[in-house]
1. Based on the Kirkwood radius over alpha-carbon pairs, what is the Stokes-Einstein translational diffusion coefficient of segment 114-159 at 37 °C with 0.692 mPa s viscosity, in µm²/s?
2. Answer with one residue from T162, V11, G60: the one whose Cα lies farthest towards the positive end of the charge dipole of the chain, charges on Cβ with Lys, Arg +1 and Asp, Glu -1.
3. Report the far tail of the P(r) of the chain, meaning the percent of Cα-Cα pairs longer than 19 Å.
4. With Cβ to Cβ distances under 9 Å as the rule, what net charge do the other residues near A145 carry (K, R +1; D, E -1)?
5. Quick one: length gained pulling D88 to R106 fully straight, 0.36 nm per residue minus the C-alpha distance?
6. Tell me the net charge near K158. Cut-off is 10 Å between Cβ atoms, K158 excluded, with +1 for each Lys or Arg and -1 for each Asp or Glu.
7. Taking the chain as the reference, fit the longest principal axis to its C-alpha atoms, fit the long axis of helix 14-23 to the helix C-alpha atoms, and give the angle between the two in degrees, 0 to 90, nearest 10.
8. What FRET efficiency, computed as 1/(1 + (r/R0)^6) with R0 = 45 Å and r the Cβ-Cβ distance, is obtained for A23 and T157, rounded to the nearest 0.05?
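The values are calculated or read from the model by the stated rules, or taken from the named source; none is laboratory data. All figures in this text were calculated on a predicted structure; none of them were measured in a lab. Note: ideal-geometry Cβ built from the backbone for every residue, glycine included; neighbour counts use all protein chains shown. Protein only, heavy atoms only, side chains kept; ligands, DNA and RNA dropped before computing areas. Shrake-Rupley method; radii C 1.70, N 1.55, O 1.52, S 1.80 Å.
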Amino acid sequence: MPQEIEIKFRVSDLRALRRKLNAAGFRLVTRRTHEMNTLYDLPGEILRSRNELLRIRKYGSAWTLTHKSGTIKAHHSSRIELETGVADGKKMDAILRALGYAPSFRYEKLRAEWTDGRGQVVTDETPIGNFCEIEGPPRWIDATAKKLEVNRADYITKNYATLFLEWKQKTKSKAAEMTFKALES
């Protein structure tokens, strides 16, 4: 099964991070692109209770359907990830709803993707701050983090839904979703 292994960390200066990525030999694969994610669940939050995720993502004009399961969190987040392209995200939404799934959380970001040919680094500008994700083999993740001057103590293994809930508690926000529009209100 395909395994997703990654860490996140907060980014205070995106320009400085881009300079570090260039200096470390990374090349930009995808320029800053809008991404909208919708998570789905069954009544009673069955997927959430099993630590699973079902998501439709629109990244630029491309749609994908993703299922994640089997979370292991140590220094890195590790999950089984199954993903496939979808020709029409709105029809996929209608299919999921017909099967009894309903949207449970929406979040958006502006994402840029980088690679050195061995793994992927992405920068995410979100409504609750800027983050970077490093995805690849564990040793490569740690070596890349070191090149970017990120300490292991700064690793985040939480997903965006959890980070949003923590942000809501801290800020007392009433926003129901992690979208730029919802946080403007």
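1. For these conditions, the coefficient is 291 µm²/s.
2. Projecting each Cα onto the dipole axis, the largest value belongs to V11.
3. Considering the chain, 62 percent of its Cα-Cα pairs are separated by more than 19 Å.
4. My count for the surroundings of A145 gives 0.
5. 4.7 nm
6. +1
7. Tilt of helix 14-23: around 60 degrees.
8. Working from the Cβ atoms, E equals 0.95.
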